[in-house]
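Asker: Before we start, here is the structure in question, set down as structure tokens.
Nothing in this text is a laboratory measurement; each read-out follows from the coordinates by a stated rule. Treat the numbers as computed from the prediction; the structure is a model and nothing was measured. A quick note on method: Cβ atoms are made from the backbone with ideal geometry, for glycine too, and the neighbour counts reach across all protein chains shown.
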Amino acid sequence: MHSRGSLLIALVMTAVPALGAQAPGRVQVESFTLPNGLRVHLVEDHSAQVVAVNVWYDVGSRNERAGRTGFAHLFEHMMFQGSANVKKAEHGQFIERAGGQLNGSTQPDRTNYYNEVPSNRLNLALWLEADRMRSLAVNAENLKNQQEAVKEERRLRFDNAPYTAAFVDSLPTLFDRASCFAYAHSIIGSMDDLNAATVTDVKAFFDLYYAPNNAVLVIVGDFQPAQARRMVTEYFGGIARGATPPAVTCAPQGATGREVVRRIPDRNANLPAILTAYRAVPPSHADYPALELLSTIIGGGESSRLNRTLVRDAKVAVAAQSLFNPFGPMRGAGIFGALVIANQGVDVDTLRARFAREMTTVAQGITPDELTKAKNSWRSSTIFGRQTAIATSEAVHYAAMYLGSPDAINSDAARYEAVTLADLRRVAATYLRPDNSLTLVIVPEAK
């Protein structure tokens, strides 16, 4: 749930021919699995004297059940409350004193915890992650403390921000709750569910999902693989394997045969906004690269279609942007969305009609330059994004979880380079349909 800034390189946004363009550098991944099921991927890189230790647990909001939502995000907080050999908040203090940085985040399909430290402190980061995997302090005091912290986070970042609460709570209703509860509820959970959580509930959640056989460890940076193997085995090898978590089910979420529109009052908004989302596909699907590039063309940046037509030319909106999987990628579904905020004095229904027309016709006039520009944007963000050990570790994790193999980090670019104008028109016609959409009309609440 913690946002990170994105690097925008204006130079590569210009439309230059894609043929012969620089491809992301090849990443050499060395993999092994411990007897307890912990999967480990190593990427040796001596370009800087740092190392990233990044653990992804195969648990997110999709693993929650009705009446107990918000557990995945709650656990992102609980994991910093201490363990057998580490006091509350000491994990962060140890890393920062070593000159490193750390964080965690929650998405629908995973929860991650990363540490970036000087390469001579690799042992510290591994020991800290192993200690909380083995012996997290789950007790009534810590639970109560973090329940309140999560509720305060919701109040601060969602309930008191314009558009955000409507967005976070209502967008998941794009999916059918009966056939795909995994993605049909809020990632942060409800206040009632957080209040209802018990120590027994939380301990059971930890034992089931925070086990080595449900985790992947990626180490990237300045280290020797043989030494890293020894340390991983020493620190993690003795942690007991857990039970196999139940499979998550989500029936294919296709067009419903009707357009769904919900009008939502927002006490924090001063201007109306329209958010339209379409059911899409997971990252491993053949249509995913075309949809992501189409999303860039439609609403990625100042020169995107929506910004040109609705903001600069027609002046019916003050802002417009695309929202491609805004909560993070999902292995069982996908979200293709776009948001526009009305200009002062513009009727919300007028904006909605103009917005809907743009989304319906957007693919008809896409030019080769626009496609090239979108490919350049994807390529540049990928290349520049791998300049840090942390970003490379995230890319390895993404390939392993969403594309089926860590080595897919080296083949994913070819999927994007292969996208054609015909592909963009086809996916637009297939997915950007009113009967495959949810539209949220967010209006300022009467004072």
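Asker: Nearest 10 degrees, 0 to 90: what angle lies between the long axis of helix 348-361 and the longest principal axis of the chain (Cα atoms)?
Answerer: For helix 348-361, the angle is close to 80 degrees.
Asker: If you don't mind, there's one more thing I want to ask. Classify segment 320-368: rounded, prolate or oblate, from the alpha-carbon gyration tensor (a ≥ b ≥ c, eigenvalue square roots; a/c under 1.5 rounded; otherwise prolate if a/b is larger than b/c)?
Answerer: Cα axes put segment 320-368 in the oblate bin.
Asker: Please list 3J(HN,Hα) in residue order for segment 196-204, calculated via the Karplus relation 6.51 cos²θ - 1.76 cosθ + 1.60 where θ = phi - 60°; whole Hz, with x for glycine and proline.
Answerer: 7, 5, 10, 4, 4, 4, 5, 5, 5
Asker: So between Lys315 and Ser135, what do we pick up on full extension, going 0.36 nm a residue minus the alpha carbon distance? Walk me through the numbers before you get to the answer.
Answerer: Numbers: separation 180, 0.36 × 180 = 64.80 nm, distance 5.68 nm.
Length difference between fully extended and current span is 59.1 nm.
Asker: Between Glu234 and Gln387, 0.36 nm times their residue separation minus their Cα-Cα distance comes to what?
Answerer: Numbers: separation 153, 0.36 × 153 = 55.08 nm, distance 2.97 nm.
52.1 nm is the gain from fully extending Glu234 to Gln387.
Asker: What distance in nm lies between label points placed 7 Å from Cα along the C-beta direction at Lys144 and Met191?
Answerer: 2.0 nm
Asker: Send over the per residue convex hull volume for the chain, Cα only, as a whole number of Å³.
Answerer: Roughly 145 Å³ of hull volume per residue.
Asker: Against the longest alpha carbon principal axis of the chain, how many degrees, from 0 to 90 and to the nearest 10, is the axis of helix 140-154 turned?
Answerer: The answer is roughly 20 degrees.
Asker: Round to the nearest 0.05 the FRET efficiency obtained for Lys203 and Ala226 when R0 = 41 Å and r is the Cβ-Cβ distance.
Answerer: Efficiency, from the Cβ-Cβ distance: 0.65.
Asker: Using helices alone, what [θ] at 222 nm do you get for the chain, with -39,500 (n - 2.57) per DSSP H run of 4 or more residues, divided over all residues and rounded to the nearest 500?
Answerer: For the chain, the value works out to -10500 deg cm²/dmol.
Asker: Mark the label point 7 Å from the Cα of Arg308 along Cα→Cβ and return the residues of segment 359-390 whose backbone N is within less than 16 Å of it.
Answerer: From segment 359-390, the list is 359-377.
Asker: Going by Cα centres, segment 309-350 and segment 184-200 are how many Å apart?
Answerer: 29 Å
Asker: A further question on this structure: If I model segment 27-236 as equal point scatterers sitting on the Cα atoms and use the Debye formula, what is log10 I(q)/I(0) at q = 0.15 Å⁻¹?
Answerer: Computed log10 I(q)/I(0) values: -0.98.
Asker: Turning to a different aspect of this structure: I want the local charge near Arg386. Using Cβ-Cβ distances under 13 Å, sum +1 for each Lys or Arg and -1 for each Asp or Glu among the other residues.
Answerer: Taking every Cβ under 13 Å from that of Arg386, the sum is -1.
Asker: Under 1.5 on a/c is rounded, so check that first for segment 180-286, then, if it is not, pick prolate when a/b is larger than b/c and oblate when it is not; a ≥ b ≥ c are the square roots of the alpha carbon gyration tensor eigenvalues.
Answerer: prolate
Asker: Please state the shape class of segment 260-444: rounded when a/c is under 1.5, otherwise prolate if a/b exceeds b/c and oblate if not, all from the C-alpha gyration tensor.
Answerer: Prolate, because a/c is 1.5 or more and a/b exceeds b/c.
Asker: For Val27, Val43, what's the fewest-to-most ordering of other Cβ within 10 Å of each Cβ?
Answerer: In increasing order of surrounding Cβ atoms, one gets Val27, Val43.
Asker: In nm, to one decimal, how far is the modelled label at Gln101 from the one at Leu156, with both set 7 Å along Cα→Cβ?
Answerer: Label at Gln101, label at Leu156, 1.9 nm between them.
Asker: What is the dipole size for the chain, taken about its Cα centre, with +1 at each Lys and Arg Cβ and -1 at each Asp and Glu Cβ, in debye to the nearest 20?
Answerer: It works out to roughly 480 debye.
Asker: Now for a different question. Would you kindly state how much longer the chain becomes between Gln28 and Ala243 on full extension, computed as 0.36 nm times their sequence separation minus their alpha carbon distance, in nm to one decimal?
Answerer: Full extension of this stretch gives 74.2 nm more.
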